[in-house]
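Derivation of every value follows stated rules applied to the coordinates shown; laboratory data play no part. Model, not experiment: these values are computed from the prediction. Because the Cβ atoms are built from the backbone with ideal geometry, glycine has one as well, and the counts that use them run over all protein chains shown.
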Amino acid sequence: MTNQAARRVLIPGGNGAVGEGAVRAYLATGAEVVVPTRTEQRADEFRELLGDAATGHLHLFAHDYSTFEGAEALAVTMQDRLGGIDDVVAPIGGWWAGKRLWEIDAADWDDAFTGLATTHMAVARAVMPRLSGRGAYAIVVGESAAYPVPGSGLVSMEQAAVLMMQRVLAAEAGDEKRIHALVLGPVRTRLVAGEASWVSAEQVGAVAVALSRSPGESSREVSLRTGADAELILARLA
Ligand SMILES: NC(=O)c1ccc[n+]([C@@H]2O[C@H](COP(=O)([O-])OP(=O)(O)OC[C@H]3O[C@@H](n4cnc5c(N)ncnc54)[C@H](OP(=O)(O)O)[C@@H]3O)[C@@H](O)[C@H]2O)c1
């Protein structure tokens with residue numbers, strides 16, 4: 001057991017390809033790890049995937065946290081059952097591609113922009129008042145937040161909005177709470193083998209835990225373009 005043992009950690013998006021790394025990293029510390037997913041099926045599949053790593057410290061269940069009401073109910077339940085929230089890792093989202101901006105329809109806009117941005121906002125507004133200040137809130141975005149990707153413009157727009165949300169939250173929280181952005185390059189995950197130089201989901205999880213355990217690391221944007229970036233940060237925080 002480490003000093004993370006009593007930590008109460010919320011990982012919305014934890015059953016996703018990137019989120020798996022954060023879930024495994026926090027479970028390995030003995031923390032209480034809460035992972036909501038929007039369907040029972042995804043919850044069952046993820047539990048099976050985790051195998052023995054799915055200890056009694058994993059709280060994995062179907063719950064729709066993509067609305068203000070749903071996220072609020074989730075945060076209230078964590079407060080009631082676990083006594084509070086110490087850490088959040090939010091790898092909410094996925095990739096979207098195939099149309100130029102002037103070709104999208106209302107459904108694309110809802111799915112790839114409004115739905116995801118609303119979910120990040122819903123989680124942030126529910127969690128921030130209840131965040132203990134012991135740990136940190138890490139919002140996960142891709143490098144596409146900072147440059148345009150033709151044919152995937154909605155991803156760039158949504159990620160840029162979420163990155164700005166992290167900056168505003170950090171500015172508003174001041175010294176009281178630490179709000180980080182993990183800005184990722186392409187990630188090696190259970191779904192994409194990728195290249196050896198890419199950062200892995202495991203490394204993303206390790207960096208989230210290390211930042212949480214480093215109270216001296218005030219709110220910041222952490223670039224994880226490659227695995228080497230992650231190893232440098234982990235060495236610095238060790
Ligand atoms: N994979 C990469 O190579 C890569 C690279 C750079 C950045 N990133 C960033 O990492 C984050 C996670 O990506 P990923 O590849 O892990 O995606 P993923 O495998 O598709 O997982 C996405 C997760 O987000 C949740 N989610 C998706 N849409 C949602 C919505 N509208 N409302 C609420 N929850 C939603 C899903 O929950 P449900 O189980 O409820 O569906 C799932 O847990 C994204 O921000 C992405 O931009 C990924």
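Values for this structure:
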{"item": "Relative packing of peptides 116-127, 67-78, 19-30, 37-48 - highest average C-beta neighbours within 10 Å first", "result": "19-30, 116-127, 67-78, 37-48"}
{"item": "Rough spin-label spacing in nm, given labels placed 7 Å along Cα→Cβ, for Met164 and Gln79", "result": "2.9 nm"}
{"item": "GNM flexibility winner over the chain from Ile104, Ile11, Ile179 (Cα, springs under 10 Å)", "result": "Ile104"}
{"item": "Summed residue charge, Cβ within 15 Å of Ala196's Cβ, Lys/Arg positive, Asp/Glu negative", "result": "-2"}
{"item": "Global geometry of the chain, whether rounded, prolate or oblate, following the gyration tensor of its Cα atoms and the 1.5 cut on a/c", "result": "rounded"}
{"item": "Expected 222 nm ellipticity per residue - DSSP helices of 4 or more, -39500 (n - 2.57), all of the chain, to 500", "result": "-12500 deg cm²/dmol"}
{"item": "Between segment 129-170 and segment 1-51, the alpha-carbon center distance in angstrom", "result": "20 Å"}
{"item": "Förster radius 22 Å - calculated FRET efficiency between Thr114 and Asp64 (Cβ-Cβ, nearest 0.05)", "result": "0.90"}
{"item": "Only Lys, Arg (+1) and Asp, Glu (-1) charged, at Cβ; the chain dipole about Cα centre in debye", "result": "580 debye"}
{"item": "Ordering of 197-207, 83-93 by burial proxy (mean other Cβ atoms within 10 Å per residue, highest first)", "result": "83-93, 197-207"}
{"item": "Net +/- balance of residues flanking Ile104 in space, Cβ distance below 13 Å, scoring K and R +1, D and E -1", "result": "-4"}
{"item": "Global geometry of segment 131-238, whether rounded, prolate or oblate, following the gyration tensor of its Cα atoms and the 1.5 cut on a/c", "result": "oblate"}
{"item": "Percentage relative contact order, the chain, counting C-alpha pairs under 8 Å, at least six apart", "result": "20 percent"}
{"item": "Environment charge at Ala230 (Cβ cut-off 13 Å; Lys +1, Arg +1, Asp -1, Glu -1)", "result": "0"}
{"item": "Proxy reagent accessibility, fewest Cβ within 10 Å first, across Lys177, Lys99", "result": "Lys99, Lys177"}
{"item": "Inter-label distance, nm, simple model (7 Å from Cα along the C-beta direction), Ala193/Arg236", "result": "3.3 nm"}
{"item": "Gyration tensor (alpha-carbon) shape descriptor, segment 177-238, a/c threshold 1.5", "result": "prolate"}
